[in-house]
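Asks: A single structure is presented below for examination.
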Amino acid sequence: MKLVAALSLLQVLPMAMSKKHGNSFERRSRNATHGDLAERQIVETNYVTETVWVDPTPAETSTSPVDGQPTTQLEIAALASPSDSIVPEEDSITSTTSSAVISIETDTVIYGLSQATNPIDTFVSSSIESGTVSDSSSVITTSTDAPSTTSGAVEAQGITISAGLNITLGGGNPVKGNSDKKVFAHFMIGIVYAYTLESWLEDIKLAKSKGIDGFALNIGLDSYTQPQLDLAYKAAEISGDFVCFISFDFNWYTVDNTTGVSDMMKRYNDLPAQFKVDGKPFVSSFIGDGFDWAAVGSGCGQEIYAVPFWAPTQENADNKGLSGLFSWTAWASKDNGPIDQPLTTVQDEAYIDVVGKANKVYMAPVSSWFFTHFGKEVPWSKNWLFKSENLWKYRWDQILELGDKLNFLEMVTWNDYGESHNLRNWGGLHSDDGSSKWAQGLDHLPMLDLSLPYIKAWKSGSKTPIVDKDQVFYWYRPHLKSAECDSTDNYGSKPDGWDIVADTVFVTTMTKLGGTIKVTSGSNQPVLKLVKPGVQSVEIPMAAGKQTFEFFTLTGGYKKGEATVEVSDQCWKPMTSNYTAIYNYNYHSGVLNC
C-alpha cells in the first residue's frame, strides 16, 4: 500500500510590524478571517525548544481526500518574545504567506516566508511505501483542518524526518516473527478475595485486547488463594487463547516448602489454560533463590518449566531444576533505593549472558511506574519512588532493541496498586490494602494502548513500533513538587526520591505520517510541537490547573481533549472522604485518538 504525505504549513498573515529579539521574533497582527486585532505572542523556551502560543483563535476546519488518502494543512506560528510590547501600526499591514517544506535530502523541515497578494501553497510531497520515506512527484492539494494562527518571518528551524525511516505501518508486510514470544501481566491474587468468575472474565477480556497473552498469578498463603486460582483458570479457559501460570511469592513461601509448591501446581498443571512450553507446565516466582525446583518437578510427577526471579549468576542459570530466569529489575535503583538515573539494559544483558551460556531462556520485566506511600497505619510501612517518568516509553524501546534475545515479557504489574505500577485501574471487587489513598481516581489504562504497537512489533521481530493509527498519550503527576502537607500526610513526609523527579507533562505521539500537537498545562503558555512519523516523545513544563491537548495529523485527523484530573499546587485529597491530604507521586494518563 502506498501512503502519500505532504506537509504544507500555510496561512495568510496581515503583518503589523516585527522586531527581532536575539533568536526570536514578536508580532502583533490582524486576523484576516475575523478582521479584529488579536495579539499573538509566541515564545520558544530552552526547556522544550518548541513554539508556544498565547490566545489562539480556532477557525472552521475541513479535510479532503486525495487518491483515497485524507490530507491536512497544518499551520506554523512565529517565534516571539512574550516580554516586549509592540503597538500595531495598522497602516503598515501587508499580506504574507508562511510555509514549510519537508526536504527529504536534508532530513529537515524548512520554514519560509513569501510576500504575495494570494496565498501560495509551497510544499514537497513524500511517500511512504513499505515503511520507507522517499521522494515523490505527486501533487497534493491540501485543505485546512487546524486552527488559524498568525505568523511572520520565521527563522529556519529543523525537525528530523529520516529518509528511509523504518516505520512499520499496520496493513503492511510485517517482519516474520517468533510465535513462541509471549507477554504476561503480573497479577496479585492477594487483593482479589472477592473476585467472581465475571470479574476474571472482564480482566482477561481487557488484557487480551491489549496484546497480553496470559496472567502470572502471584500467590501467597491466603485462605482464598486456591478458590481464586480455580476461577482464574476457568475464566481463561472460557475466554480462549489466554493462559495462566503461578508465580509463587517467597515473601510468604519458604525455600523448604517444596511439597506445598508441588501440591499447588499439581492442581492446575493439566488444565487447558495452563501455560506450557514443550509440554512442561510453566511456573515462576518472586525471589526464592536456592529453592529446589527439581524437587518440585519430582513432586509433580512430571518435568516443569521453572523461570523464577533469581539473581543473574551463572550458578543460578546452570541450576538443573530451572529452564530460565526472570528479572524484577524494572526500575533504576541502587540498594532498592531511588537514584537519579534512567533504567538501562545492563541487568538484561547480565541475564541474557548467563542464560545464553546455559542454553536457557530469559523473561524480561516491563513496568510503567513505582511509587509507594504506606504509613504507620499498616505493618508494611514504606515510602519511596523510583524515577519512572518516561520509563514506560523508553523501556519498550529497549525491549525492541533487545528483540529476539528475549523469550518472554512480564508486565509489572496488572493490579499492584500499592506500588502504583498497576495497569488496570483501581476499582472492582478487590480489597484495599491502604493504597486507595493514592491509586483511586487516577487512570492508567491508556498505558496499555501505548504498549500495544510495541508488543506487535516485538512479536513480529520489528525494531520499531507497528503504528496503525494516530494517537497522543500523556501522563503526569497530580500535584506539583512544591506542595507541602507533612502535618496531614499518612506517612508524615514526602517519599524518598521526590527531589529527583520533575514537574513535567510527558507526551508520546504515535503517527503514521506525522503532525502537530499543542499542549496547555495550567497557567503556562501553550506549546506547539511538530512530530515525526512513528513514535516521538515530548516533555512539557507542568503548571497547576487544567491540562489540555490538541492533535493535528497529516492523515487529516484533529482531536482536542482535556484531562480528567487537574494538576494542583496543593497535596492530593484522596477520594475517600475520611482521608486527609497526602503526598501523591502516582500518575494520571490519557489518550487522544484521531
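Every number here is computed from the coordinates shown, using simple stated rules; none is lab data. These numbers were taken from a predicted model, which means no experiment stands behind them. In this analysis, Cβ positions are derived from the backbone assuming ideal geometry, glycine residues included, and neighbour counts consider all displayed protein chains.
Asks: What are the ³J(HN,Hα) values, in whole Hz, obtained from phi via the Karplus relation 6.51 cos²θ - 1.76 cosθ + 1.60 with θ = phi - 60°, for each residue of the stretch 451-456 in sequence order, with x given for Gly and Pro?
Replies: So the J values, rounded to whole Hz, are 6, 4, x, 6, 4, 4.
Asks: Answer with one residue from VAL567, GLN525, ASN584: the one whose Cα lies farthest towards the positive end of the charge dipole of the stretch 472-593, charges on Cβ with Lys, Arg +1 and Asp, Glu -1.
Replies: The residue sitting farthest along the positive end of the dipole is GLN525.
Asks: What residues have an amide H closer than 5 Å to that of GLY441, excluding those fewer than 5 places away on the same chain, when H is modeled at 1.01 Å from N in the peptide plane?
Replies: Residues meeting the amide H criterion: TRP426.
Asks: Please list, in chain and number order, the residues 5+ apart from ASP468 or on another chain whose amide H is under 5 Å from its amide H, with Hs placed from the backbone.
Replies: Those qualifying (amide H under 5 Å, at least 5 residues apart or on another chain) are GLY170.
Asks: Just want to confirm a number: the relative contact order over the stretch 182-468, from Cα pairs under 8 angstrom separated by 6+ residues, in percent. Don't skip to the end; give the middle numbers.
Replies: On the way: 581 pairs, mean separation 49.7, N = 287.
Computed over the stretch 182-468, the figure is 17 percent.
Asks: Among residues other than TYR305 whose Cβ falls under 9 Å from its Cβ, what is the net charge (Lys/Arg +1, Asp/Glu -1)?
Replies: Neighbourhood net charge equals 0.
Asks: Next question, about the same structure. Suppose R0 equals 56 Å. What FRET efficiency, 1/(1 + (r/R0)^6) with r the Cβ-Cβ distance, do THR196 and SER523 give to the nearest 0.05?
Replies: 0.75
Asks: If you don't mind, another one. For the residue pair ASP432 and LYS320, what label-to-label distance in nm results when each label sits 7 Å from Cα along the Cα-to-beta-carbon direction?
Replies: Calculated label separation equals 5.3 nm.
Asks: Is the shape of the stretch 472-593 rounded, prolate or oblate, going by the alpha carbon gyration tensor and its root eigenvalues a ≥ b ≥ c, with a/c under 1.5 for rounded and a/b larger than b/c for prolate?
Replies: Since a/c reaches 1.5 and a/b is larger than b/c, the shape of the stretch 472-593 is classed as prolate.
Asks: Straight-line reach from LYS494: which lysines fall under 17 Å, measuring Cα to Cα and dropping same-chain residues less than 8 apart?
Replies: Within the straight-line cut-off, LYS494 pairs with LYS376, LYS382, LYS387, LYS437, LYS481, LYS573.
Asks: Could I ask something else about it? How would you rank 268-281, 497-510, highest first, on the average number of other Cβ atoms within 10 Å across their residues?
Replies: Sorting 268-281, 497-510 by mean packing, highest first, produces 497-510, 268-281.
Asks: Quickly rank 411-417, 293-299 as a protection proxy: mean count of other C-beta atoms within 10 Å, highest first. Can you show the working numbers first?
Replies: Numbers: 411-417: 25.0, 293-299: 19.0.
Top to bottom by mean Cβ count within 10 Å: 411-417, 293-299.
Asks: If I take every Cα pair under 8 Å that is 6 or more residues apart in the stretch 372-479, average their sequence separation and divide by the length, what percent do I get for the relative contact order? Write out the running numbers ahead of the final one.
Replies: Numbers: 108 pairs, mean separation 25.4, N = 108.
Over the stretch 372-479, the number comes to 24 percent.
Asks: Nearest 20 debye, what's the magnitude of the dipole of the stretch 472-593 about its Cα centre given +1 on Lys and Arg Cβ and -1 on Asp and Glu Cβ?
Replies: Using only the charged Cβ atoms, the result is roughly 680 debye.
Asks: Sticking with this one: Excluding ILE238 itself, what net charge comes from residues whose Cβ is under 15 Å from its Cβ, given Lys and Arg +1 and Asp and Glu -1?
Replies: -3
Asks: Further question on the same structure: When a/c is below 1.5 the answer is rounded, else prolate if a/b is larger than b/c, else oblate, so apply that to the stretch 201-339 with a ≥ b ≥ c taken from the square roots of the Cα gyration tensor eigenvalues.
Replies: oblate
Asks: PHE374's amide H: which non-local residues (gap 5+, or another chain) put their own amide H closer than 5 Å, with H modeled 1.01 Å from N in plane and none for Pro or chain starts?
Replies: LYS382
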